[in-house]
1. Yes or no: residue A:153 part of a helix (DSSP H, G or I), away from every other protein chain (no Cβ under 11 Å), at pLDDT 85 or above and surrounded by 14 or more Cβ atoms within 10 Å (Cβ to Cβ)?
2. Filter the range B:152-168 for residues that are part of a helix (DSSP H, G or I) and touching a strand residue (DSSP E or B) at 6+ places or on another chain (Cβ under 7 Å); which is surrounded by the most Cβ atoms within 10 Å (Cβ to Cβ)?
3. Any residue in the range A:62-70 that is in contact (Cβ under 8 Å) with a residue 12 or more places away in the chain and closer than 21 Å to residue B:106 by Cβ?
4. What do you reckon, is residue B:52 over 24 Å from residue A:16 (Cβ atoms), in contact (Cβ under 8 Å) with a residue 24 or more places away in the chain, surrounded by 23 or more Cβ atoms within 10 Å (Cβ to Cβ) and more than 14 Å from chain A (Cβ to nearest Cβ)?
5. Which residues, taken from the range A:1-32, are within 8 Å of another protein chain (Cβ to nearest Cβ), under 11 Å from the mean Cα position of the chain (by Cα) and part of a helix (DSSP H, G or I)?
6. Scanning for something over 20 Å from the mean Cα position of the chain (by Cα) and within 14 Å of another protein chain (Cβ to nearest Cβ), does the range B:125-144 turn up at least one residue?
7. For a quick check of your reading: which helices (runs of 4 or more DSSP H) sit entirely within the range A:54-118 and have at least 1 residues that are closer than 23 Å to residue A:131 by Cβ?
8. Checking residue A:93 against (1) surrounded by fewer than 22 Cβ atoms within 10 Å (Cβ to Cβ); (2) at pLDDT 90 or above, which test does it fail?
């Protein structure tokens, strides 16, 4: 039951973009073309899942035994930055095709606040390594769902007659607002079913 | 380049010309997440001014020693240090505010504004200019947060609260709680940008008309 609630929670009820406001820069900046959006989504799913695992391990095996929880922010961001670099080099050597597809997005992910955000939320919620990984994947899936839907909407704008003052960011934000209103509708999904 | 004027310009450009939220559209997450009230927006702004100024000065001071290839990790460490300071100070002296802002205090570390200023400005400019740049961009960002927070708080709760005072004392209309939810934030910012675009467009049209009239007169 906890599994279902975490996964559905990450994708729908507490969607990273629409409900929690995490990873907005990349969401607004990279959603103009479907191809790019899908590339970024793949990279985010990949990095967020593994980064959650690694960061949870660092918390459990290094920070807690040494009593260094107050250095969490520095430790996490260093681990994430190093980890992204590692993935980049690893993919370059072992899977050049995959590297070609998501290579340019990887450096961007270091500063995607969703990755650090999910790591911080995992700690706040007291998840262990396994649950952190699941929560990371669920959050990344929700993020990807959002950016892919949004890229689909934005692609259609190309053929529409949009007032000049609304073009670009203003319309993007207003549409995001409307989508977020739709996602807000999921918020009562678990009431009564799970505690 | 030329002394004092450029220093002043480095400070003032953050407010309008290179306004983080409306011109460069970066640092969006906290802009929307914590602007449910004026007070939250203000303290977030203060935290960002501190972090941005300190990190700009550090990055600028170390710019000649930083190898180009690893500059991003170096920036991240230099930014993380002041963020931890803010986090600990806030936790100690303003526990309620820290609880409201939650995960967004440590997330200042990945706020794109700060890394963007390190990369685009502090890494290429002297310490004093970088200090002014940090204060200016941070100041402009704070004003944005306070304005957006004010609009959302006023429409969402019917009044604006400063400390123990509220204005107006009693809401004179039925508040729309949706303004405090995520959709309200997105739509508010979108409409603000639209209004700003209309203003810019109008002034450009006027300028063009004036220029046209001037050339016709010649």
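1. yes
2. B:153
3. yes
4. Here the answer is yes, as residue B:52 does meet what is asked.
5. Residue satisfying the conditions is A:24 alone.
6. So far as the range B:125-144 goes, no, none of its residues is over 20 Å from the mean Cα position of the chain (by Cα) and within 14 Å of another protein chain (Cβ to nearest Cβ).
7. Fully inside the range A:54-118 and qualifying: A:72-94, A:106-110.
8. With (1) surrounded by fewer than 22 Cβ atoms within 10 Å (Cβ to Cβ); (2) at pLDDT 90 or above applied to residue A:93, the lone miss is (2).
The values are calculated or read from the model by the stated rules, or taken from the named source; none is laboratory data. Just so it is clear, the model here is predicted, and its values are computed rather than measured. Note that each Cβ is placed from the backbone with ideal geometry, even for glycine, and that neighbours are counted across all protein chains shown.
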